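Read through the structure below, which is laid out as structure tokens, and then see the notes.
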Amino acid sequence: MPTTGESIRTARLFSENKNVVVIAVDHGLYFGPLAGMINLPEVIDNIAEADAILMSPNMPSFCSSVFSKRGAPALLIRLNWASNYVNEWNYKHSYSVKMLSVTEAVAQGADLVMCSLTLKNPDEVEDAGNVAVFSQAVSEKRSLGIPMVGEFYPTGGDDRQPEDMQEEIYIGCRIIAELGADMVKTFYTGKRFSEITAATPVPVLALGAKKLPKESDALKLAADAVGAGARGIVFGRNVLQAKEPKRLLEALQEVVKEFKAPDLVARTYHLD
């Protein structure tokens, strides 16, 4: 049962019961500096109309002015580091470690927190250790009344076909919800994604993963995800590496919140 604080803050994110558009800017934890994310304050200014912005623990201090205004986006801070995200080094395992506590995240300005969980690793002890890290975060967020996004992200997910992860994500999203996540972030898996949203008793947010070839592809992915029951999206590279991130963000909001047809929105915003 969510605490009053968790319920109030979650309802504030889903204001007017609308779906949400979250922009992820935490890639430096795993990839170092990427194109489109070099000058962080400039990046954040371009996406200040998002519902929430996902950041690494230390980075809000470089752009705190964006979050200190009335009507500012919610600040979502990641709590743990996991080796499965470092795709360029081809790790085959996922070892999760705590970066900071929920209390420390709140001191950084967090309105919400995120903790990832990866299961079905080569070693059962590895899975158990990841569950322990996640469960500790759940205990901390409950005591403070802070909502937590649980991210279910299979090892190698960036380089796998989403459809091939259907069963793994179907099971994992239910597990992460039962462990105490208030929302779940995961891959959109295609035609059977509605099975995942139906079986997950908390809001599901679809992530964008690698940069898609065309900006209109990002609109279609968002439309397909919310059409299958997702309550929003968490996109990073697809927005931040767009020709005009602010324009694509506005287009995504029309697709995700107003359920407008992605091809029509693409034409309206002159997106390829």
With the chain treated as a Gaussian network of Cα nodes joined by springs under 10 Å, which of VAL255, VAL234, VAL86 yields the largest mean-square fluctuation? VAL86
Find the Cα radius of gyration of the stretch 98-137, compare it with 2.2 N^0.38 Å by division, and give the number to two decimals. 1.36
Distance in nm between pseudo-label sites at SER139 and LYS98 (7 Å out along the Cβ direction from Cα): 0.8 nm
Counting each DSSP H run of 4 or more residues in the chain as -39500 (n - 2.57), what helix-only mean residue ellipticity at 222 nm follows after dividing by all residues, to the nearest 500 deg cm²/dmol? -11500 deg cm²/dmol
List, in order, the whole-Hz ³J(HN,Hα) value for each residue of the stretch 198-213 obtained from phi through the Karplus relation with A = 6.51, B = -1.76, C = 1.60 and θ = phi - 60°; use x for Gly and Pro. 5, 8, 9, x, 10, x, 10, 10, 8, 8, x, 6, 4, 4, 7, x
Extension reserve of the GLU16-GLN241 stretch, reckoned as 0.36 nm per residue once the Cα distance is removed: 78.0 nm
Spacing of the two label points (7 Å from each Cα toward its C-beta) at VAL131 and LYS214, in nm: 4.5 nm
Label-point separation, ARG267 to GLU49 (7 Å along Cα→Cβ), nm: 2.1 nm
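Within the set LYS120/LYS214; LYS92/LYS185; LYS69/LYS214; LYS191/LYS257; LYS191/LYS214; LYS98/LYS243, which residue pairs have Cα atoms separated by over 25 Å?
Where the Cα-Cα span goes over 25 Å, the pairs concerned are LYS120/LYS214; LYS69/LYS214; LYS98/LYS243.
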How much length would be gained if the chain were fully extended between VAL86 and GLU124, taking 0.36 nm per residue of separation minus their Cα-Cα distance, in nm to one decimal? 11.6 nm
Going toward the positive end of the dipole of the stretch 4-268, with +1 on Lys and Arg Cβ and -1 on Asp and Glu Cβ, which of ALA242, HIS27, ALA181 do you reach last? ALA242
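Given 0.36 nm per residue, what is the gain on full extension from ASP159 to ASN58 after removing their alpha carbon distance, in nm?
33.6 nm
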Could you give the size of the charge dipole of the chain about its Cα centre, using +1 on the Cβ of each K and R and -1 on the Cβ of each D and E, expressed in debye and rounded to the nearest 20? 540 debye
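Give the shape of the stretch 88-220 as rounded, prolate or oblate, defined through the alpha-carbon gyration tensor: a ≥ b ≥ c are the square roots of its eigenvalues, a/c under 1.5 means rounded, and otherwise the shape is prolate if a/b is larger than b/c and oblate if not.
Prolate shape, in that a/c is at least 1.5 and a/b is the bigger ratio.
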Specify whether the C-alpha gyration tensor of the stretch 1-146 places it in the rounded, prolate or oblate class, a ≥ b ≥ c being the square roots of the eigenvalues: rounded for a/c under 1.5, otherwise prolate if a/b is larger than b/c and oblate if not. oblate
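No lab work stands behind these numbers, since they all come straight from the coordinates. Source: prediction; values computed, not measured. Virtual Cβ from ideal backbone geometry, glycine too; neighbours counted across all protein chains shown.
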